[in-house]
Amino acid sequence: MITMKNVHKTYSNGVTAVNGINVEIDRGEFVYIVGPSGAGKSTFIRLIYREEKPTKGEIMIKGIKTAEMKNRDVPLLRRDIGVVFQDFKLLPKLTVYENVAFALEVIEEVPDKIRERVMEVLDLVGLKNKARSIPDELSGGEQQRVAIARAIANRPNIVIADEPTGNLDPDTSWTIMRILEEINARGTTVIMATHSQEIVNTIKKRVIAIENGIIVRDEDRGDYGYEI
Amino acid sequence: MKFRTLQRHFREGAKNIVRNSWMSVASVGAVTVTLVLVGTFVALMLNINQMAVKVEEDVEIKALIELTADEDEVKIVGEEIERIPGVNTVRFSSKDDELESLVEGMGEQGQAWALFEQDNPLNHAYVIKAKNPQDTEQIASKIEQLDNIYKVNYGQEVVPQLFKFNKYARTIGVALIVGLVLTAVFLISNTIKLTIMARSREIGIMKLVGATNTFIRLPFFVEGLLLGILGSVIPIAIIATGYYYTLKNVSGQTSFHFVQLLPYSPFVWQISAIILFIGAFIGMWGSGMSVRKFLKV
């Protein structure tokens, strides 16, 4: 599903964030990306949905080399990768319903199907009754659930979550984790960067630890491994 | 792109005006103010031009024929004048006609001239109009060279200056209009750009969700178009009513009899169309171009 071969990323300001990463992530896996702040986790994730291009090395997503991809084909890649962020990244002036529907309008789905699917995913994240609210009227946890609903609306193969629980209290975090597990159980690959020792140590999954731009540890059902 | 997606863009563009209500008010305000200025100025210029055209059309050449010329020679002169390129109409005015118009033109005092009816000292004349008033001087000089022409009058003292003045006035007017429209474009697109800058984060989010540039951009085009149209409503109303009252006041006053304004219809419809077009075009262009900047993420 995702293959990285000797990937380097140096930003234009000279900072090297990723310094030779080799990794393979298969379909249906659930992977935690852990490591100290500034270790390169976010860059690693941005490389996957091609917010960034590698300066060296090769990234293949579903057999396609992202570096060789034309800019106008990037939206097609993004439609197969749902993204969830710490700051939710919802469109502030759209209702919950419209935010989720946006992902389906982009792929020019028929209106009936859009309605059906939006309600389906809102039901999955437990926000069917908030469809008409705007993001500001929701709590952080609710907003994050909307973001997840949007990320999975067009049934992507991959869901990427960059510290999805970073801004949430523990209870809400567990709700978010249950939803991500549920998505993963349906066959979607989930890649999640996190700082939560508790989550990683409780819900045991594959753990990839990144430090100074390289993978220092990659184990199935691993621990968080850092003291906080 | 599918038709329903296009519908979606129109719906979305219209909704965005409501969603960003204050930004919309700012943009519509900028469009309104500049279009009132542009519209007023264009109306003024078109009317000045109209007056200039009217004055120019009144310019005619009077060619007086030698008293010694006999009937055949007079006829030949007429034919020769008609053959000069650029001549539009040639009207013969006999010496009796000339006397009559002279008597009429002088009013009471003119009666004294009536005595000459028995022995008319005036010349036969041809009254000539040029196809293009600017050619008057040139045609007049050609007529002067013909045989049996006594004298040619066309207001030599004022006509060249009049044409020169009109030419300058037109050039300056066009330059001012172009300048004003460019200023309007600049002002409006800048206002719109500011409102879009505030939404650059939203544009970034749309890209993350997999929207193509076209998909993001089209609703902005629609939004700009609608803002432009909304912004031209007030200027059109102001100019339509303003022109109505100007016409009413000016046409009633005898002291303004030389001021012949363009009739209300179709002039007001034409200028409304111009304003609407400028508004719609600038709105659409300004917003479409501004978004482009934020799409390169």
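A short reminder: the numbers here are calculations on the coordinates, not readings from a lab. What you see is a predicted model, and the numbers here were worked out from it, not measured in a lab. Cβ sites come from the backbone with ideal geometry, for glycine too, and all protein chains shown count toward neighbours.
For chain B, the convex hull spanned by the alpha carbon atoms encloses 181 Å³ per residue.
Calculate how many DSSP beta bridges within the protein assembly as shown are antiparallel, expressed in % of all such bridges and rounded to the nearest 5. For the protein assembly as shown, the DSSP antiparallel bridge percentage is about 65. Here the protein assembly as shown is assigned +1 on the Cβ of each Lys and Arg and -1 on the Cβ of each Asp and Glu. Its dipole about the Cα centre then comes out at about 3800 debye. Ignoring lysines fewer than eight residues from B:LYS75 along the same chain, the ones with Cα atoms less than 27 angstrom from its Cα are B:LYS62, B:LYS95, B:LYS129, B:LYS131, B:LYS142, B:LYS151. Restriction of the chymotrypsin sites (Phe, Trp or Tyr not before Pro) in the range A:60-98 to DSSP coil positions whose beta-carbon has at most 14 other beta-carbons within 10 angstrom yields no sites. Exposed loop sites, defined as GluC sites (Glu not before Pro) outside DSSP H, G, I, E and B with at most 14 other Cβ atoms within 10 Å, are absent from the longest region of chain A, namely A:109-226.
Label zone (B:VAL53, point 7 Å along Cα-to-C-beta; backbone nitrogen cut-off 20 Å) within the range B:110-150: B:129-136. Between B:LYS296 and B:SER200, the contour length at 0.36 nm per residue exceeds the Cα-Cα span by 33.5 nm.
Run the numbers on the range A:119-228 and let me know its relative contact order in percent, using alpha-carbon pairs under 8 Å that are six or more apart. Dividing the mean separation by the residue count of the range A:119-228 yields 20 percent. Calculated from the alpha-carbon coordinates, the range B:60-154 shows an Rg and a Dmax of 14.0, 41 Å respectively.
Counts of other chain beta carbons within 10 angstrom of each beta carbon in peptide A:141-148 average 0. Here the residues B:VAL181, A:VAL146, A:VAL31, ranked from fewest to most Cβ neighbours within 10 Å of their Cβ, fall in the order B:VAL181, A:VAL31, A:VAL146. Shielding value for B:197-210 is 6, the average number of Cβ atoms from other chains within 10 Å of each residue's Cβ.
Positive end of the dipole of chain A (Cβ unit charges, origin at the Cα centre): among A:VAL216, A:VAL100, A:GLY166, the Cα lying farthest that way belongs to A:VAL100. Taking chain B as a Gaussian network, Cα atoms linked when under 10 Å apart, which of B:PRO133, B:PRO85, B:PRO160 shows the biggest mean-square fluctuation? Answer for the Gaussian network model of chain B: B:PRO85. Entry note, chain B: relative contact order of 30 percent, from Cα contacts under 8 Å with a spacing of 6+ residues. Other residues whose C-beta falls under 14 angstrom from the C-beta of B:GLN156 contribute a net charge of -1, scoring Lys and Arg +1 and Asp and Glu -1.
Think of the range B:60-154 as having a plus end and a minus end, set by charges on the Cβ of Lys, Arg, Asp and Glu; of B:ASN88, B:ILE65, B:VAL127, B:ASN88 sits farthest toward the positive end of this dipole. For the range B:154-205, pairs of C-alpha atoms spaced more than 12 angstrom apart make up 75 percent of the total. May I ask for the distance between the Cα centers of the range A:3-33 and the range A:68-134, given as a whole number of Å? The two parts, judged by their Cα centres, are 27 Å apart.
Just need log10 I(q)/I(0) for the range A:1-147 at q = 0.12, 0.15, 0.17, 0.21 Å⁻¹, Debye formula, equal scatterers on the alpha-carbon atoms, no solvent, rounded to two decimals. Here log10 of I(q) over I(0) equals -0.63, -0.91, -1.06, -1.25. Name the chymotrypsin sites (Phe, Trp or Tyr not before Pro) in the range A:3-63 that are in a loop by DSSP and that have at most 12 other C-beta atoms within 10 Å, would you? Here the sparse-neighbourhood loop sites are A:TYR11.
For the protein assembly as shown, a Kirkwood hydrodynamic radius built from all Cα pairs, placed in the Stokes-Einstein relation at 25 °C and 0.890 mPa s, yields a translational diffusion coefficient of 82 µm²/s. As a length-normalised measure over Cα pairs under 8 Å and 6 or more apart, the relative contact order of chain A settles at 28 percent. With each label modelled as a point 7 angstrom along the Cα→C-beta vector, the B:VAL25-B:ASN249 pair spans 3.2 nm. Peptide A:89-96 is shielded by partner chain Cβ atoms: per residue, an average of 4 of them sit within 10 Å of its Cβ. Straight Cα distances below 28 angstrom link A:LYS41 to the lysines A:LYS5, A:LYS9, A:LYS53, A:LYS56, A:LYS62, A:LYS65, A:LYS70, A:LYS89, A:LYS204, A:LYS205, B:LYS207, B:LYS296, with same-chain residues fewer than 8 positions distant left out.
At full extension, A:ASP26 and A:ARG155 could sit 44.7 nm farther apart than now, given 0.36 nm per residue minus the alpha carbon distance. Relative to the current alpha-carbon distance between B:THR183 and B:LEU44, full extension at 0.36 nm per residue lengthens the span by 48.2 nm.
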